[in-house]
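The values are calculated or read from the model by the stated rules, or taken from the named source; none is laboratory data. Not measured: the values here are computed from a predicted model. Backbone-built Cβ (ideal geometry, glycine too); neighbour counts: all protein chains shown. Ligands, DNA and RNA are stripped out before the accessible areas are found, and what is left, the full protein with its side chains, is counted by its heavy atoms. Shrake-Rupley method; radii C 1.70, N 1.55, O 1.52, S 1.80 Å.
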Amino acid sequence: MPQKSFAVAMIDALAHSLKTDPNVVVIGAHSFLSDRGLKPEDERALWDAFPDRLIDPPTSEGVCTSLVTGAAMAGMRPFLNYGTATFAYEAFNQIMSEAANVHSMSGGQLRAPLTLHMYAGIRGGGAGQHSSSPQAMYANAAGLELVLPACPADAQGLLRSAIKSDNPTVVITHTRLLSMTGDVPDGDHTVPFGKARIAREGRDVTIVATSLMVREAEKAAETLAKDGIEAEVVDPRTIVPLDVETICASVRKTGRLVTVDEGNALCSIGSEISAQVAEHAFDALKAPIVRVARPPVPIAFSPPLEAHVTPNADKIVAAARKAAQPR
Amino acid sequence: MGQSPRDTLARMLLMRRFEEMVITLARAHKLGRQHLAIGNEATGAAALMQLAPGDLIYTTHRNHGHMIARGVDPGKALAEILGRAGGLCGGKGGTWHMTDPSLGFQSTSAMVGGSIGLSVGGGFALKHKKTGNVAVALFGDGALDEGIAYEALNIASLYALPVLFLCENNSKEGEAQTSRLATKELVAVPKALKIPCTRVDGGDPEAVALAVETALAHVRLGAGPYFLEAQLVRWPGSHQIVHEFTTGVTDVAAAWDDAKASNEHAAWHRTDPILRTARTLIARGILTRDDVTALDNEAAVIIAKARAFAEASPYPKPEAALTGAFVPA
Ligand SMILES: Cc1ncc(C[n+]2csc(CCOP(=O)(O)OP(=O)(O)O)c2C)c(N)n1
Ligand SMILES: [Mg+2]
C-alpha cells in the first residue's frame, strides 16, 4: 500500500472525483492544493488538467456557499474549501438554512450534492478566531452529513464518499493532521459513511475519539497498556450518520466509556455519544462516563493558556484511569 | 493638520522599527504568523495621529502599525505578540487581536470584513450619544470582497453615520492580489452608495494627512460617512508565513546615500515610504540628514526598551485560560 500524507490523500480523492465526474468543481482550490506536500510537478499537472474546474474565488464565503448550493441543485457536484473553519461562519445562513434544507423543504424533489471542507482545531497561536472546532454545530443542523477523518486512508476514502454523496456534507480536517502519513489503499479508495473504525482493540475501557483526538487516544492507550489497562479506541469517522451500534458493542465489552472531542464540552460530539450510550447501553456501564473536551472558553493566544485547555493524551489517560477504576 | 512632518516621520520610524523587532522576536521565539505593516507607515501614522480622544477605532489582522501609530505602548504590544502577561490583552489576544480601549481601539478582528461591520455599530452609538466623535474602520482591500462591506457601507450612508472608512489597498494585480473586484475602481462601490470618496497616495504622509483631515471634518460635521482609499506601497514580504527581512533592515542613510540604496533592494528603496518621506523633508530643508538619523536612533532606543520589557514579562498562569469568557457577575 502506498504511504502518503493526510493532505495528499485528500488531494488524491479530489483528483479521482475530478477525473471521473465532469460535474465536480473545486472552489477554493489554492489553499487545498498548494504547499500541501504535493510534488510541484503533480500540482502543476492538476492545475493544467482542470483549468476551469479549480477555482480561486474572492474572499466571499457567503456567496460561495450559495454558489455551490445553487450549482449543486442545478446538477453539479461542487467541493468548497473555506480554509480555516471560522471563515465558514460568514456563510452560516447559507449552510444551515439553505443547503441543509434543500431536500427536505422540497418534499424530496430537490437535492444539493455538495461538499463543504474546512480546517479546524486548536493549531497553535490561533487565538480566539482561528482555533475553532465547530463540529457539534454542524451535527446539530439536521440535513448535513458530518465527516471527521482521522487518518490518511480515511481522509481519502471519506472525502471520496462525501463528493459522491447526494447530500450536503461537511468535512472537517484538523490542521494538525495534514502532515500525518499512513498507508492508503491503491487507486480510487472509498470509505462508506456510518461505519466506525476500531483504531485499537481492548477489553477494559472504550475511548471514542474523533479527528486529531484519535491519534491522542491511541497514544493514551499505549500509556494505559503499560499499566495493564487495555483501551479500545473507536473512531466513528462520521458523526452524521453515527454508528451507534459499533460504539455500544464496544461499551458492552468494556463496560466503561471515555469520549474525546476537541470541541467545547457543552453540547459536544462527546455529549451526543454519551447520551447514545446512556440510552442504548446503560445496563452495560460499570462506571460513570468521562468526557474529555475543551472547556467552553474562547481559546487564548498565549502558549501556556492554549496548552491548558487543549485535550491531549495525558488528559485522556487520566480520564481513562478514572473511568476504569474498580467500583 | 495637528502633527508636524517631523513628528509624523518619527512615528513612521517607530512603526518600522517595531515591525523589524517583531521579525527578530518571531525568529528568536519561534512565533507563528503575523501580518506586518511594513510599507503602511505613511498611511497609519498620518491618519491615526489625527484622531481625537473618544474616537473609536476598528482594525484587522494587520494591526501592529495602527497600534504604534496611535501611540500604544510598544513594550505592551511586543509582550502581547509574545503571549506574555504584561501584554496589552494579558496574552489572550496575540498578534491578531491587540487592543487598547484607552486609545479608542474597540476591535481587532482577524476576520476579513470584521472591522468594517463593527465600525458601523460604533458610528451608530456615537451618533446616538452626540459626542461629535468618529468611528474609524481600517481594513484592507480584501474586505470589499465580503458581503458585509456592501451592507455596512449602505447602512452607514442610509443613516448618515459618523464613520471614516479607511481602506489600505495593497493589492497588486496578478502577483499579490488580495481582492477580486469586478470593477478596477474600488471606490466605485462606496460611490454607488452615495458616500464621498477620495483616493490618496498611501506612501505620502502629507497627502494622507490632508485627505484624512478633509474626511474627518466631513464626518464630524454630521454629514455622514466618508471613504478613503489609501493606495499603499506594497512591501514584498506582506503575505509571508515565515518572516524574513525581505527588503533588509531599514537603513535611513539609503535616503541620501546612493551606494546604500543601490543594492538588491533598490526597487524597494525607491518606494519605501520611510525613505521617500525622509528624502522629501531633507530636500525641502525641513529636516537635515542628522535630524533623520537622530529620529531613527530615538525610535531604535524606544523599541530596544520595549523588547526588554516584553521579554522580561512572564507568561500568564495557565489557569488564566479558564477565566475571562464572561464579565464577572
Ligand atoms: C472571513 C475571512 N476569510 C478569509 C480569511 C483569510 N485571510 C487572511 S488575510 C486575507 C487577505 C486579506 O486581504 P486584505 O483585507 O486586503 O488585507 P491585507 O492582508 O492585504 O492587508 C485573507 C483572505 C480571513 N482572515 N477571514
Ligand atoms: Mg490587501
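Rounded, prolate or oblate: pick one for the stretch A:41-98, where a ≥ b ≥ c are the square roots of the eigenvalues of its C-alpha gyration tensor, a/c under 1.5 means rounded, and failing that, prolate if a/b is larger than b/c, else oblate. In terms of gyration-tensor shape, oblate.
Per the 1.4 Å probe, what fraction of the accessible area of chain B, in percent, lies on carbon and sulfur atoms?
57 percent
Helix content alone sets the calculated 222 nm mean residue ellipticity of chain B: runs of n ≥ 4 DSSP H residues at -39500 (n - 2.57) each, divided across all residues, give -13000 deg cm²/dmol. Go ahead and collect, in residue order, the members of the stretch A:296-327 whose backbone nitrogen is under 16 Å from a label point 7 Å along the Cα-Cβ direction of A:E222. A:312-317, by backbone N distance to the label point. Dividing the mean sequence gap of close Cα pairs (under 8 Å, 6+ apart) by how many residues chain A holds gives a relative contact order of 17 percent. Rolling a 1.4 Å probe over the protein heavy atoms gives the stretch B:265-329 an accessible area of 59 Å² per residue. Size of the stretch B:5-310: Rg and Dmax of its alpha carbons, in Å, are 18.5, 57.
The helix-only estimate of mean residue ellipticity at 222 nm for chain A, built from DSSP H runs of length n ≥ 4 each weighted as -39500 (n - 2.57), is -11000 deg cm²/dmol after division by the residue total. Can you tell me the 0 to 90 degree angle between the C-alpha axis of helix A:269-280 and the longest principal axis of chain A, rounded to 10? Result, in degrees: 60. Largest mean-square fluctuation among A:P311, A:P40, A:P288, in a Gaussian network model of chain A whose springs join Cα atoms under 10 Å apart, belongs to A:P40. Quick one: Cα centre-to-centre distance for the stretch B:256-318 and the stretch A:87-127, in angstrom? Cα centres, the stretch B:256-318 to the stretch A:87-127: 47 Å.
Projected onto its three principal axes, the C-alpha set of chain A covers 62, 46, 40 Å, listed from the longest axis down. Could you work out how far helix A:6-20 tilts from the main Cα principal axis of chain A, as a 0 to 90 degree angle to the nearest 10? Its long axis makes an angle of about 40 degrees. Net charge in the neighbourhood of A:S302 (other residues with Cβ under 11 Å of its Cβ; Lys, Arg +1, Asp, Glu -1) is +1.
Amide H to amide H distances under 5 Å link A:V170 with A:L116, A:E145, A:L146, A:V147, where only residues 5 or more positions off or on other chains count and H is placed in the peptide plane. Our summary of shape: the Cα atoms of the stretch A:59-209 have principal axis extents of 47, 35, 31 Å, ordered from largest down, in whole angstrom. For B:F105, the residues whose amide H sits under 5 Å from its own are B:I57, B:D100, ignoring neighbours fewer than 5 places away on the same chain, with H placed 1.01 Å from N. Using θ = phi - 60° in the Karplus curve 6.51 cos²θ - 1.76 cosθ + 1.60, the 3J(HN,Hα) couplings for the stretch B:178-189 round to 9, 9, 10, 9, 5, 9, 6, 9, 4, 6, 4, 5 Hz; x is entered for Gly and Pro. Per-residue shielding of A:292-303, expressed as the average number of other chain Cβ atoms within 10 Å of the residue Cβ, stands at 6. Expressed to the nearest 5 percent, the antiparallel share of DSSP beta bridges inside the stretch B:5-310 is 5 percent.
Within the listed set B:K76, B:K172, B:K92, the Gaussian network model of chain B (springs between alpha-carbon atoms below 10 Å) gives the highest mean-square fluctuation for B:K172. How would the protein assembly as shown be classified by its alpha-carbon gyration tensor: rounded, prolate or oblate, with rounded meaning a/c under 1.5 and the a/b versus b/c comparison settling the rest? In terms of gyration-tensor shape, prolate. Excluding same-chain neighbours fewer than eight residues apart, the lysines reachable from A:K39 by a Cα-Cα span under 23 Å are A:K4, A:K19. When the C-alpha to C-alpha distance is required to be over 18 Å, the pairs from B:K130/B:K194; B:K92/B:K317; A:K226/A:K315; A:K253/A:K286; A:K219/B:K30; B:K92/B:K305 that qualify are B:K130/B:K194; A:K219/B:K30; B:K92/B:K305. Once C-alpha pairs closer than 8 Å and six or more residues apart are averaged by separation and normalised to the residue number of the stretch A:203-319, the relative contact order reads 30 percent.
Decide, for the stretch A:32-141, between rounded, prolate and oblate: order the square roots of the alpha carbon gyration tensor eigenvalues as a ≥ b ≥ c, take rounded if a/c falls under 1.5, and otherwise choose prolate if a/b is larger than b/c, else oblate. Oblate is the answer for the stretch A:32-141, as a/c is 1.5 or above yet b/c matches or exceeds a/b. Summed over both chains, the accessible area lost when B and A associate is about 2100 Å², using a 1.4 Å probe.
Taking all Cα pairs closer than 8 Å and separated by 6 or more residues, the relative contact order of the stretch B:5-310 comes to 22 percent.
Compared with the dominant principal axis of the Cα atoms in chain A, helix A:40-49 is inclined by about 50°.
Rounded to whole numbers, the Karplus 3J(HN,Hα) couplings from phi for the stretch B:254-266 are 5, 5, 10, 9, 4, 4, 6, 8, 9, 8, 5, 9, 4 Hz, using 6.51 cos²θ - 1.76 cosθ + 1.60 with θ = phi - 60°, and x at Gly and Pro.
For the peptides B:79-86, B:68-75, the ranking by packing is B:79-86, B:68-75, with the highest mean count of neighbouring Cβ atoms within 10 Å listed first. The phi-based Karplus calculation (6.51 cos²θ - 1.76 cosθ + 1.60; θ = phi - 60°) puts the 3J(HN,Hα) values of the stretch A:211-219 at 6, 4, 5, 5, 5, 5, 5, 5, 4 Hz, whole numbers, x for Gly and Pro.
Helices of chain B meeting both criteria, an alpha-carbon length of 20 angstrom or more along the long axis and an average Kyte-Doolittle score not below 0.5, with helices taken as full DSSP H segments, are B:205-220. Charged side chains reduced to their Cβ positions (Lys and Arg at +1, Asp and Glu at -1) give the stretch A:1-160 a dipole of some 240 debye around its Cα centre.
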